[in-house]
1. Would you mind working out the magnitude of the charge dipole of region 52-195 relative to its Cα centre, with +1 at each Lys and Arg C-beta and -1 at each Asp and Glu C-beta, to the nearest 20 Debye?
2. Just want the ordering: S287, S264, from fewest to most Cβ atoms lying within 10 Å of their own Cβ.
3. Using 1/(1 + (r/R0)^6) with R0 = 35 angstrom and r between the beta carbons of H208 and A136, what's the FRET efficiency to the nearest 0.05?
4. Beyond 18 Å, how much of the Cα-Cα pair distribution for region 207-325 remains, as a whole percent?
5. Which is farthest toward the positive dipole end of region 207-325 among Q222, I246, I273, measuring Cα position about the Cα centre, with Cβ charges +1 (Lys, Arg) and -1 (Asp, Glu)?
6. How far apart, in nm, are two points set 7 Å out from the Cα along the Cα-to-Cβ line at K121 and at E250?
Amino acid sequence: MDETLDKYDLQYGEFGDDASPSSKRKPGKAYKNVMVRELEDAVVKNALQTTYTPSRFEEEWLLAALGGFYQDNFITDVLAKVKGGKEANVYCCLAHGVIGTELLAAKVYRPRQQRNLRNDKMYREGRPTLKSDGTAVKGSDGRLIRAMNKKTTFGKEVQHTSWLMYEYTTLATLHEAGASVPKPYAVNDNTILMGYMGSQTAGAPTLHEIDLSEDESLPLFQEVMRNIVLMLQRDMIHGDLSAYNILYWEGEITLIDFPQVTNSRNNENAQMILERDITRVCEYFASQGVAYDPQEIMESLWYRHEANDWIRCEWLPDAPLQEDEFTI
Ligand SMILES: Nc1ncnc2c1ncn2[C@@H]1O[C@H](COP(=O)(O)OP(=O)(O)OP(=O)(O)O)[C@@H](O)[C@H]1O
Ligand SMILES: [Mg+2]
């Protein structure tokens, strides 16, 4: 702390007349705000000691992403990096006692320069851009719209925020609706904190990494279908659903990775995107002995979606199917 204060003593005077020690006046508000913010950051960074040892390049970024969650009593430690994905790294964190669960997953999006964002144009069609408070950008937000159209650095950040907020708000909606998705706990500029599947030593495998036992393939296929229906009833399509984005833990599945969630009514590619999701799911389950025709499922679900009639749908969340009732 003393060192930190020394640093500020040394920096005193870098903020112009308003803040200069040679000035007879007290430091200005702007200077004080910056100083308070930086001191808070420094305290957080000093306080969040992680069991996981980040690489030199990862450290600052990780602490910036997670320091606020530490300060707000969501997490007390970072135990391990679970996976480094194309867009984000996922870390296993120890939850604070007040959270009521032992572990949390932190999905930290990579720094902009190192991000390999999916081509998101196709998914963005028909969905508004979301701001960091989860509300949609309106026509009156001229500055944001201009920045996005011109693809300025700020405009790209706005798009990035929207991408992340779609993941967070979708998790919130679906979790509330009873879907098999991680419970979202908190979000900031670059990170989503959510329920963690796995143990302290290993994250849950994705379906593509494992073979299911004979008696669990069909119920788990039905469970994936129940989630697809649940989304479609809310005009949502996952958009990147496959055995790579479904976790398996203690006999249950969890759908993850939602930033590209697609609006089923406003996106002109919706049918193609849904059919691709269903096909990939069917491909995996066919390899596990549960063979259904993805096109038949697609036609059946799309018909119900168009008619907005789910009354006789076998995968309604309120009416889990018995195995012998399972028909398309
Ligand atoms: N809630 C969670 N609990 C445990 N592990 C998780 C959780 N969320 C994600 N993971 C792990 O992190 C990996 C990457 O997560 P996710 O798919 O959301 O990010 P991504 O950057 O889009 O990755 P990819 O490019 O590999 O699809 C997952 O494959 C999974 O192994
Ligand atoms: Mg993924």
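1. 840
2. So the ranking, lowest neighbour count to highest, is S287, S264.
3. Values: r = 34 Å, r/R0 = 0.98.
FRET efficiency, H208 to A136: 0.55.
4. Cα-Cα pairs in region 207-325 separated by more than 18 Å: 48 percent.
5. The residue sitting farthest along the positive end of the dipole is I273.
6. Going from the K121 label point to the E250 one covers 4.5 nm.
Laboratory data are not the source of any read-out in this text; all were calculated from the coordinates shown. Treat the numbers as computed from the prediction; the structure is a model and nothing was measured. Here the Cβ is made from the backbone with ideal geometry for all residues, glycine too, and neighbour counts use every protein chain on show.
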